[in-house]
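Worksheet: one structure, shown below.
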Amino acid sequence: MARPGRMWIVSGAMTTHRTTDDLVVLDHVDKWFGQLHVLKDVDLRIRRGEVVVVIGPSGSGKSTLCRAINRLEPIDKGTITLDGKPLPEEGKELAALRAEVGMVFQSFNLFAHKTILENVTLGPIKVRGHKKDAAEKRARELLDRVGVGHQAEKYPAQLSGGQQQRVAIARALAMEPKVMLFDEPTSALDPEMISEVLEVMVDLAKQGMTMVVVTHEMGFARTAGDRVVFMADGAIVEEATPEQFFTNPQSDRAKDFLGKILKH
Amino acid sequence: MDDVTSEFDLVLQAFWLTIQLAALSGVVSLVLGTVLAAMRVGPVAPFRLAATTYVNVVRNTPLLIVFVFVFVAFPNLGLLVGTPFLLKGVVAVSLYTAPFVCEAIRAGINAVPLGQAEAARAIGLTFGQTMGNVVLPQAFRAAVPPLASVLIAMTKNTSIAAVFGLMEATARMRYFTNNSADDTVIFLVFALGYIIIVETLSAGAWGLERRWRVAR
Amino acid sequence: MRHARFRMAAAAVLLAGGLAACGDAGNDDAEGVDVEVAENAADEFDDGTRMKELAEDGNIVIGVKFDQPGIGFKGATDDAPVGFDPEIGKILAADLGIAAEDITWKETISDNREPFLESGEVDLVIASYSITDERREVVGQAGPYYVTGQQLLVRSDSDIDSLDDVKGTEVCSVTGSTSLENIEAEGARPRGFDTYSECVDQVLNGTVDAMTTDGAILLGYAAENADQLKVVVEPFSEERYGVGYSLEAPEMCQWIVDTITEAQEDGAWDEAFQATLGQSGVETPEPPAMDECPA
Ligand SMILES: Nc1ncnc2c1ncn2[C@@H]1O[C@H](COP(=O)(O)OP(=O)(O)OP(=O)(O)O)[C@@H](O)[C@H]1O
Ligand SMILES: [Mg+2]
């Protein structure tokens, strides 16, 4: 398998230095789906360059948390700020904000009618206003780095799941985001394809990208994660370093949860 | 009779008018129908209401009545008096066809997985860009077969213009049958003309489907 | 010699509906002329003739126009059509001993006159049916019982006053009609509509420059809108209205010619005209001489 290259040319903000100031701040965030209280008074600060792994049982609100950060889901109470600025309302400004937040979905969601190359260049051309030539040159670099450069002219349906997810990562990176959100990026993949995606993510973390990763991959959490956030029933129950969390969970919910997933 | 054969240029002229009417109406209906569909799925409530109302009202109105409005009622009110007949025909056929186009495309939009629009929004595309670059192109692909049916029906519907001042194929057919003793040949010639137009449309739709199959 | 007598019931019965606008075309006053019905008519005809069959049946199906004021018009609420053509129909039926109320009127449009005759769906067509050689190849046409000619109906302020003026103008008539074809040949842009009333609307609202068809029909519309419309140009075609019959019953031709000739001589033809087309104010013309029947 092609190893991603060493040198990332992602955003200037992250390659320069790891600072400790907060990039994403969730302050007393609540959200309901009708009667269902899916986010309960969530407080979370994500520092620049930090890799936060979010873990928790199904339905605990992990996806909702991710989607709230780029406002694919609006929240009902509290505030979310990105790089010091509160998330704007729906509209042009919000679109601009979303361009700063990369998102990788469990089901890849590559644009089915566009080639791999077009998938990656669409945002830079339409949102950033880049020239087609420049956007394509950059897209090919990114595709090479995630190891699918030779597939650039194909359509998503012609690629394996692992390849598609790596394209999805390249597509998000092409926007030069300040933070990347991953919502269970490997759980729709066959086992043999999981590692190729994780390797890309680990490399990205090493390059200093700020990342929020919803995953149950403990290997990834241990290698690349700075912090584990454990959620249950819409609330953050426990936060710890990966090592502490996996070896010595404090809450009963976490112990129970780890007991279940470690059996597998 | 040898009428149709000896005056075949009249047949060709008539079908040329039918083709113009169908082609122009097709383009206008597709544009108008797409706009209506975007309004119906869009986030602006008054647009949604307006588009939904239009679609429901016009879909439940017989085509003949739409023609009467455009060709008789409006001119009686002083509207569209100087408008060329071909344009009035395009207006009538398009006003009537657009709601059907809208519904075919809306069905196509609903067939596009939600994740496609989310991924588009997630990279910062606006609602308009998301529709224009991601959702509609895929919706069109899914809507090709129903759209082909709509356009085929529309082509045949242009024959109503025969009794609203346009000497298109059906009007010319009635010119020939009025004169002639043996109508069978005339009917066959004109039916064949329509069949050729409709089959061309079907072939086009089939070609598009084939071309886009790989990308779905 | 067979003989049929006709008598006018009420001299002043107006066929108001015939020439009025669609709205009041359903006027109950419209009755037409009472025609005396021949008695024992079946005895008058030779065995094996269609006339004998019809006389014995006591019923006849006649195709007429329902949409031509003055000629053949039936409002939505009317029981029977009114106009010159139905009057001719009544005269013919009476000679077979068939009373007006026993006539089955069937609407024929320009397109279905031949098929109706060929299939036997109607016994006679009396529907402003111009005699032409082409038509005479497939159906019989006896007559003419009336001769009119194509003219133009224009707005009162129109500059059109000769046939040359129509070149390049938009002229409406009924889709597929001979009138439309003729005006197209004169260089006008033909605008076919489904009905005369829609066509008149186009003239009134200024969408088209003129309407064209047989003068008789135009006069009816001009009378309705005397301050807005006028009929112009000398008749530029000769439309000879004939009675259509099936070629399978060629014996009908001579009977039709004889019966109408009698009506022309004893004044029934005049009465029929005055009660219908004559309402527009035109003088009752000399009845036309009819063609010989084919041998
Ligand atoms: N659009 C929606 N409408 C209503 N309820 C929703 C919606 N989306 C999610 N939910 C509910 O909100 C709760 C939290 O969902 P969420 O997808 O955030 O959980 P999750 O932790 O990501 O779960 P999983 O591990 O299964 O992905 C669940 O009970 C879910 O059923
Ligand atoms: Mg989830």
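The values are calculated or read from the model by the stated rules, or taken from the named source; none is laboratory data. Just so we're clear, the structure is a prediction, and the values are computed from it rather than from any experiment. All Cβ positions, glycine included, derive from the backbone under ideal geometry; neighbour counts span all protein chains shown. Quick note on the areas: whole protein, heavy atoms, side chains included, nothing else; ligands and nucleic acids left out. Shrake-Rupley method; radii C 1.70, N 1.55, O 1.52, S 1.80 Å.
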Strands (runs of 3 or more DSSP E) wholly inside the range C:109-200 that include at least 1 residues being among the aliphatic types (A, V, I, L, M) and either in contact with a strand residue (DSSP E or B) (Cβ under 7 Å, 6 or more places away or on another chain) or open to solvent by less than 40 Å² (accessible area, probe 1.4 Å) (or both): C:140-148, C:150-155, C:170-174
Some residue of the range B:50-58 being within 28 Å of residue A:94 (Cα to Cα), of a type in the set (Gly, Ala, Ser) and either within 14 Å of chain A (Cβ to nearest Cβ) or touching a residue at least 12 places away in the same chain (Cβ under 8 Å) (or both): yes
Selected residue (only one of B:138, B:129 is open to solvent by 10 Å² or more (accessible area, probe 1.4 Å), at the interface with another protein chain (Cβ under 7 Å from one of its Cβ atoms) and in contact with a helix residue (DSSP H, G or I) (Cβ under 6 Å, 6 or more places away or on another chain)): B:129
Conditions (1) more than 20 Å from the chain's Cα centre (by Cα); (2) more than 10 Å from ligand 1 (Cβ to nearest atom): number failed by residue A:43: (1)
Flag for residue A:73 being within 14 Å of chain B (Cβ to nearest Cβ) and either within 16 Å of ligand 2 (Cβ to nearest atom) or within 20 Å of residue A:213 (Cα to Cα) (or both): yes
Considering residues of the range A:206-264 that are among the acidic types (Asp, Glu) and in contact with a Ser or Thr (Cβ under 9 Å, 6 or more places away or on another chain) only, the residue least open to solvent (accessible area, probe 1.4 Å): A:238
Number of positions in the range C:223-263 that are buried (at least 19 other Cβ atoms within 10 Å of the Cβ) and in a helix (DSSP H, G or I): 8
Single match in B:36, B:12, B:30 (criterion: assigned to a helix (DSSP H, G or I), open to solvent by 40 Å² or more (accessible area, probe 1.4 Å) and under 27 Å from residue B:131 (Cα atoms)): B:30
Output for the range A:22-42, where each listed residue is touching a residue at least 60 places away in the same chain (Cβ under 8 Å) and away from ligand 2 (no atom under 16 Å from the Cβ): A:23, A:24, A:37, A:40, A:41
Failed item in (1) touching a helix residue (DSSP H, G or I) at 6+ places or on another chain (Cβ under 8 Å); (2) within 28 Å of residue A:32 (Cβ to Cβ), with residue A:170 passing the rest: (2)
Cβ-Cβ under 8 Å pairs, at least 6 apart or on other chains, the range B:111-139 side under 18 Å from residue B:36 (Cα atoms), far side among the hydroxyl-bearing types (Ser, Thr, Tyr) and assigned to a helix (DSSP H, G or I): B:136/B:34
Test: residue in the range C:167-182 that is closer than 30 Å to residue C:203 by Cα, more than 14 Å from every other protein chain (Cβ to nearest Cβ) and free of Cβ contacts under 8 Å to residues at least 24 places away in the same chain: yes
Residue selected from the range A:211-246 under the condition in contact (Cβ under 8 Å) with a residue 40 or more places away in the chain and of a type in the set (Gly, Ala, Ser), by the criterion farthest from ligand 2 (Cβ to nearest atom): A:224
Matching residues in the range A:183-235 - criterion: being farther than 23 Å from residue A:254 by Cβ and either among the polar types (S, T, N, Q) or touching a His at 6+ places or on another chain (Cβ under 8 Å) (or both): A:195, A:207, A:210
Boolean, residue C:104 is over 22 Å from residue C:250 (Cβ atoms), assigned by TED's automatic domain parsing to the domain that holds residue C:265 and modelled with pLDDT of 80 or more: yes
Search result, residues across the range C:129-164 that are at pLDDT below 90 and acidic (Asp, Glu): C:133, C:134, C:137, C:161
Residue in the range B:87-108 that is aromatic (Phe, Trp, Tyr), surrounded by 21 or more Cβ atoms within 10 Å (Cβ to Cβ) and either in contact (Cβ under 8 Å) with a residue 24 or more places away in the chain or facing another protein chain (nearest Cβ under 10 Å) (or both) present: yes
Close pairs from the range A:180-191: first of a type in the set (Ser, Thr, Tyr), partner within 12 Å of ligand 1 (Cβ to nearest atom) and open to solvent by 10 Å² or more (accessible area, probe 1.4 Å), Cβ under 6 Å, at least 6 apart: A:187/A:106
Leading residue by the ranking (nearest to the chain's Cα centre (by Cα)) among those in the range A:236-264 that are within 16 Å of residue A:60 (Cβ to Cβ) and part of a loop (DSSP other than H, G, I, E, B): A:249
Residue within the range A:189-210 that is within 16 Å of ligand 2 (Cβ to nearest atom), within 12 Å of chain B (Cβ to nearest Cβ) and in contact with a helix residue (DSSP H, G or I) (Cβ under 6 Å, 6 or more places away or on another chain) present: no
Candidate set from the range A:46-59 (those that are over 15 Å from residue A:228 (Cα atoms) and within 15 Å of ligand 1 (Cβ to nearest atom)); member that is least open to solvent (accessible area, probe 1.4 Å): A:59
Odd one out for residue A:93, checked against (1) touching a residue at least 40 places away in the same chain (Cβ under 8 Å); (2) of a type outside the set (S, T, N, Q); (3) more than 16 Å from ligand 2 (Cβ to nearest atom): (1)
